[in-house]
Ligand SMILES: Cc1cc2nc3c(=O)[nH]c(=O)nc-3n(C[C@H](O)[C@H](O)[C@H](O)COP(=O)(O)O)c2cc1C
């Protein structure tokens, strides 16, 4: 059996980041399967510091896109990006957030993590929470691909966490880290990886 015939390897090697989607909604039982894959990721001290906001309605998607666009507009204006370029980027970003039938906003929470007086240890604990969330979202993206859906990670919430929390009325301790766009694909993509020789040291 070659690698691509094996279901695990096919899932890992053929997942691609997809940015255009068909409009068909994703059924709730399928969304629950993806979230189940997410919560079975390993986590620091098994504290499971991940939280997920599932966004499926047009109104919430639009509110989310609008809230982040306002913040991004300010940032780009301050950075001196030309007005026409700003308009184009904002329009693309809005389309990226409103076209997919499903958005999963990945958040971390420090609620159950250890508390330290030492800032160095506090930072390490925050990193562990973030690493745990990232593993969960990786599981979710692979599960989505396994189920025939496509996905893409969007880092935009990192730049506007308060706006995302407000637009989605999230609890105060939820820290938005990423949006995973999901749905059935309306494009195909290829990708590449650096060879192992470039990224691995054998000791
Ligand atoms: C932490 C992280 C942040 C990313 N942010 C974005 C993003 O904001 N917009 C986007 O279009 N893709 C984003 N991506 C997707 C990457 O561009 C994509 O994974 C990479 O180009 C490799 O393509 P592939 O996933 O199809 O193999 C992000 C991926 C990761 C892991």
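The numbers here are math on the coordinates, done by the rules we state, and not lab data. For clarity, every value in this text was computed on a predicted model and none was experimentally measured. We place every Cβ from the backbone using ideal geometry, glycine too, and count neighbours over all the protein chains shown.
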**Complete:** Check: C-alpha center region 61-124 vs C-alpha center region 6-42, spacing in Å is 22 Å
**Item:** Value of [θ]222 nm, deg cm²/dmol, for the chain, DSSP H segments ≥ 4, -39500 (n - 2.57) each, nearest 500
**Value:** -15500 deg cm²/dmol
**Message:** If I build a Gaussian network model for the chain, linking alpha-carbon pairs within less than 10 angstrom, which residue out of 171, 119, 42 has the largest mean-square fluctuation?
**Reply:** 119
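If you rank 151, 17, 132 by fewest surrounding Cβ atoms within 10 Å, what's the result?
Details: 151 27, 17 13, 132 22.
Least to most surrounded, the residues fall as 17, 132, 151.
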**Message:** Cut-off 10 angstrom, C-alpha nodes, Gaussian network model of the chain. Which of 136, 63, 83 fluctuates the most?
**Reply:** 83
**Fill in**
Ordering 19-25, 141-147 by per-residue average of other C-beta atoms within 10 angstrom, highest first, gives 141-147, 19-25
**Complete:** In terms of the alpha carbon gyration tensor, root eigenvalues a ≥ b ≥ c, rounded if a/c is under 1.5 and otherwise prolate when a/b exceeds b/c or oblate, region 17-186 is oblate
**Fill in**
Quick shape check on region 108-177: root eigenvalues a ≥ b ≥ c of the Cα gyration tensor, a/c under 1.5 is rounded, otherwise prolate if a/b tops b/c, else oblate, and it reads oblate
**Request:** Rank by packing, highest mean first: peptides 103-116, 189-202, with packing defined as the count of other Cβ atoms within 10 Å averaged across residues.
**Result:** 103-116, 189-202
**Complete:** Under the rule rounded for a/c under 1.5, else prolate if a/b exceeds b/c, else oblate, using alpha carbon gyration tensor axes a ≥ b ≥ c, region 1-51 is classed as oblate
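Counting only C-alpha contacts under 8 Å and six or more residues apart, can you give the relative contact order of the chain as a whole percent? Working shown, then result.
On the way: 310 pairs, mean separation 72.1, N = 203.
About 36 percent, as a whole number.
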**Request:** Could you work out which residue, out of 118, 162, 173, moves most in a Gaussian network model of the chain, that is, has the largest mean-square fluctuation with Cα springs under 10 Å?
**Result:** 118
